[in-house]
1. Given the options R140, R126, R86, name the one that is in a helix (DSSP H, G or I), touching a Phe, Trp or Tyr at 6+ places or on another chain (Cβ under 9 Å) and closer than 16 Å to E63 by Cα.
2. Looking at E97, E110, E63 in this structure, which one is out of contact with any Cys (no Cβ under 6 Å at 6 or more places or on another chain), within 19 Å of R126 (Cβ to Cβ) and surrounded by fewer than 21 Cβ atoms within 10 Å (Cβ to Cβ)?
3. Read through the list (1) of a type outside the set (K, R); (2) part of a loop (DSSP other than H, G, I, E, B); (3) open to solvent by 40 Å² or more (accessible area, probe 1.4 Å), then give the number of the only condition that E167 fails.
4. Does any residue in segment 93-106 that is over 19 Å from G66 (Cβ atoms) come within less than 8 Å, Cβ to Cβ, of a residue that is surrounded by 24 or more Cβ atoms within 10 Å (Cβ to Cβ) and at pLDDT 95 or above six or more places away or on a different chain, and which pairs are these?
5. Any residue at all in segment 129-148 that's under 13 Å from the mean Cα position of the chain (by Cα) and aromatic (F, W, Y)?
6. Is it true that some residue in segment 189-198 is assigned to a loop (DSSP other than H, G, I, E, B), within 16 Å of N102 (Cα to Cα) and touching a residue at least 40 places away in the same chain (Cβ under 8 Å)?
7. Scan segment 82-89 and tell me whether some residue there is charged (D, E, K, R), over 11 Å from the mean Cα position of the chain (by Cα) and either modelled with pLDDT under 95 or open to solvent by 10 Å² or more (accessible area, probe 1.4 Å) (or both).
Amino acid sequence: MAQGPRPNGGEGYDAAPFVPGRGGLRALRESAADCRGCPLYREATQTVFGDGRASARVVLVGEQPGDQEDRQGKPFVGPAGGVLTRALGEAGIDPAEAYITNAVKHFKFEQAARGKRRIHKAPNLREISACKPWLLAELRLIAPEVVVTLGATAGKSLLGSSFRVGERRGVALPLPAFDGEAAAEGMLVATIHPSAVLRADEAERAAAYAGLVSDLGVAAELLR
């Protein structure tokens, strides 16, 4: 079973004590709701855990929840999720057959100087590492044939801090070994985060989207 916070009341950067030692995705999701593995939980509305079937053949890993995800409690329900759903369909992957999650389960943001807008901030390496036990627990239970990392944060979580999307995207790679374990079965494909399509200027948006679809097509081929 998951352990509680540190005995001395202090906070570390490690979610491992909160990850249950047994049970399925439901047990993980319920335990993650009480995770205090890093300070990000303090400002976030809630933990946003993965969503999808335990039998999924493909797992899609994003960065962290955005504003809408934080409010609704589900991953990829905001604008980037719309881009991802459309791109998956064009690449030949049924979104309903995928498991979707994030490398970091709490929304990291800063408050706008004026108004109530919450501005996204990228997780740092310490926060990515702290949350990694949740992602590894998901992958162990699902044992997907293919993992797709969406963006730099997801790639760094599984491939290390030196990962760069531009250098590794669209290539079928062996799924790296989980912490302290033998090499995992399955393949990994890295690509950009769908939000990169939304951030691209009008002249580059079509090319960015086409690249995302192309990379997801590599994952689709591995599933055939």
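The values are calculated or read from the model by the stated rules, or taken from the named source; none is laboratory data. In this text, all values refer to a predicted model and were calculated from it rather than measured experimentally. Methodologically, a virtual Cβ is constructed for each residue, glycine included, from the backbone with ideal geometry; neighbour enumeration extends over all protein chains shown. The area values use the complete protein model at the heavy-atom level, side chains included, leaving out ligands, DNA and RNA. Shrake-Rupley method; radii C 1.70, N 1.55, O 1.52, S 1.80 Å.
1. R126
2. Only one candidate passes the filter, namely E110.
3. (2)
4. Partner pairs satisfying both residue conditions: I93/V58; I93/L216; I93/A219; D94/L88; E97/V58.
5. Within segment 129-148, one or more residues are under 13 Å from the mean Cα position of the chain (by Cα) and aromatic (F, W, Y).
6. yes
7. yes
So that you can scan it fast, the table gives a plain yes or no per residue for (1) open to solvent by 20 Å² or more (accessible area, probe 1.4 Å); (2) within 30 Å of G21 (Cα to Cα):
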{"residue": "I142", "(1), (2)": "no, yes"}
{"residue": "S161", "(1), (2)": "yes, yes"}
{"residue": "L198", "(1), (2)": "yes, no"}
{"residue": "L212", "(1), (2)": "no, no"}
